[in-house]
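As structure tokens, the structure follows; a few thoughts come after it.
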Ligand code: DGT
Ligand code: CA
Ligand code: CA
Ligand code: ZN
């Protein structure tokens, strides 16, 4: 059966191609909305009837029919027709940060761009800036994006996207009877927000049997080197997987080595050398004698260190901390008692407030804040004071009938370009929780952006700054501001900063989390859920926090509701 993501991808690609072809906005949007609605479904749409698909909010009868075609045939005639019109090299360009389908269409119309080479030439001759709707800034961004791609960066996969593939690989390999131990390693094990490739380590006596089993994995398109101890393959979506097979007595050493990071390894090796030892992927040795190798614990202990969670292994002080018994006790998902950033049908969410509240309870939470958008986001039907009052009444009605979850009325209020907020103080002060976020003019110069954020932080109605940098991985650069200054004021004002769990955002970053903790600024880990399914995203926010050395007490939504708000 087709996965929802695969169905949604066909719809998204169709939307992109329609847009490049100059189709009208509403038709394009219908495909995009349908794709999003399908991604948000908890059940597989491939198992639903056309009538059931029709009932999903955001999907009309026409698209329901198309979706059944996709599910039945794996494709869509319209998609094929459009794809035959555009060379594939052309469509790849729409993923370049700064471009997107709309601008791509302009480039095709004005400069007859057909592929990457054409685009590079156009950038070089500064032809792009002359087109209306572009200008030098956008041309520069396209140039930077092209450069990044050339150096091999910018092709990373979101951790969240890799988890499904990783689980499939792991399940496949665990069926191999020759394997005695198995673990995924590399940046995936360290839970970086994006991964370059997937690394795996297995312990086995019969390497050949393992390699044979591995290369029989159904999703492989290419085997790029298969040796005694290492095999690399490329999967359908382009992800590379490296598998290393070592004897069981070396498993811990190999796991440590291939978990990395590289700089963590380099530091470990230095410590080994200082003790007259040699550390590599086969073990820790004194001359020819094996000191350790079977488990990670053994290796770390022999180096005078305690074992540490992979998320910390970036050589950012974890080795020193382990040597002196000062490793942090990292936050866990089960420490979260509430979610303080979610959306509902009132704006751009896909579920009712009641369904969101029920799912929050189902996810083990004690409280949830509905924080829909404010009025400036007209596209999302942002709330004005009048609709906020209306929403309040609904929330009160749900509170009466729903037990086991505290429902808060909040808002995600827009921070305007000058730092004022999109709603008046008297509307905000009536709310239980206020997230303030920047959603436009992210490319402001750093001094203005710093002032803008500080003004919002100083606003006594604001509890937390949402997705502070506004970045979208692989898509939009973070806005630039003076982080130290932001942290200083946030600390002074008792305003928290958000770790947004949406995989593309993962915002704050791990290092910004560390800086916040050092500055004494509290954090909030939020799902920014737009559907009931999105509460599961909290795991990714927790990953990010753990990479930033964050402990339970650093995070406001680990507190019981009654102790939640520090400043009011
Ligand atoms: P990625 O794939 O770019 O997201 O990042 P990693 O950390 O997974 O890096 P990768 O796949 O190149 O290598 C996996 C691990 O193997 C890495 O974390 C540390 C180890 N490793 C790779 N190359 C070297 C090296 O030259 N020296 C040392 N000490 N370790 C290495
Ligand atoms: Ca890797
Ligand atoms: Ca690798
Ligand atoms: Zn937002």
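The values are calculated or read from the model by the stated rules, or taken from the named source; none is laboratory data. Just so it is clear, the model here is predicted, and its values are computed rather than measured. Virtual Cβ from ideal backbone geometry, glycine too; neighbours counted across all protein chains shown.
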Legend entry - Which listed residue, of 191, 174, is away from ligand 4 (no atom under 16 Å from the Cβ), touching a residue at least 40 places away in the same chain (Cβ under 8 Å) and outside the structural domain of residue 293 (by TED's automatic domain parsing): 191
Inset, instruction - Would you mind listing the helices (runs of 4 or more DSSP H) fully within region 1-102 where at least 3 residues are closer than 30 Å to residue 141 by Cα? - result: 4-20, 25-39, 77-85, 88-92
Legend entry - From the options 485, 477, 396, residue that is surrounded by fewer than 16 Cβ atoms within 10 Å (Cβ to Cβ) and more than 23 Å from residue 556 (Cβ to Cβ): 396
Inset, instruction - Give 442, 428, 497 a once-over and let me know the one that is in the same structural domain as residue 391 (by TED's automatic domain parsing), more than 16 Å from ligand 2 (Cβ to nearest atom) and surrounded by fewer than 21 Cβ atoms within 10 Å (Cβ to Cβ). - result: 442
Inset, instruction - Please enumerate the residues belonging to region 244-254 that are assigned to a strand (DSSP E or B) and away from ligand 1 (no atom under 12 Å from the Cβ). - result: 245, 246
Inset, instruction - Determine whether region 165-172 contains at least one residue that is surrounded by 20 or more Cβ atoms within 10 Å (Cβ to Cβ), within 16 Å of ligand 3 (Cβ to nearest atom), part of a helix (DSSP H, G or I) and modelled with pLDDT of 95 or more. - result: yes
Legend entry - Hits in region 167-195 - residues which are in contact with a strand residue (DSSP E or B) (Cβ under 8 Å, 6 or more places away or on another chain) and within 11 Å of ligand 2 (Cβ to nearest atom): 184, 185, 186, 187, 188, 189, 194, 195
Legend entry - Extreme residue, farthest from residue 283 (Cα to Cα), among residues of region 196-218 that are within 16 Å of ligand 2 (Cβ to nearest atom) and surrounded by fewer than 20 Cβ atoms within 10 Å (Cβ to Cβ): 196
Inset, instruction - Go through (1) within 14 Å of ligand 4 (Cβ to nearest atom); (2) under 25 Å from the mean Cα position of the chain (by Cα); (3) crowded, with 20+ Cβ neighbours inside 10 Å and name the single condition residue 450 misses. - result: (1)
Inset, instruction - Grab the strands (runs of 3 or more DSSP E) fully contained in region 364-449, keeping just those with 1 or more residues being in contact (Cβ under 8 Å) with a residue 24 or more places away in the chain and more than 17 Å from residue 353 (Cβ to Cβ). - result: 406-414, 433-437
Legend entry - Selection from region 208-225 of residues that are in contact with a helix residue (DSSP H, G or I) (Cβ under 6 Å, 6 or more places away or on another chain) and more than 16 Å from residue 165 (Cβ to Cβ): 223
Legend entry - Qualifying position, being modelled with pLDDT of 95 or more and within 16 Å of ligand 1 (Cβ to nearest atom), among 414, 426, 510, 422: 510
Legend entry - Subset of region 465-505 that is within 16 Å of ligand 1 (Cβ to nearest atom) and in contact with a strand residue (DSSP E or B) (Cβ under 7 Å, 6 or more places away or on another chain) - its residue that is farthest from residue 565 (Cα to Cα): 473
Legend entry - Single match in 316, 275, 337, 270 (criterion: at pLDDT 95 or above, away from ligand 3 (no atom under 16 Å from the Cβ) and under 30 Å from residue 533 (Cβ atoms)): 337
Legend entry - Residues (more than 12 Å from ligand 3 (Cβ to nearest atom) and closer than 26 Å to residue 219 by Cβ) located in region 241-267: 245, 246, 251, 254, 255
Inset, instruction - Hey, could you check region 219-240 for residues that are in contact (Cβ under 8 Å) with a residue 24 or more places away in the chain and away from ligand 3 (no atom under 15 Å from the Cβ) and say which is surrounded by the most Cβ atoms within 10 Å (Cβ to Cβ)? - result: 219
Inset, instruction - Could you please find all residues in region 196-216 being more than 24 Å from residue 474 (Cα to Cα) and touching a strand residue (DSSP E or B) at 6+ places or on another chain (Cβ under 7 Å)? - result: 200, 201, 202, 203, 204, 207, 210, 211, 214, 215
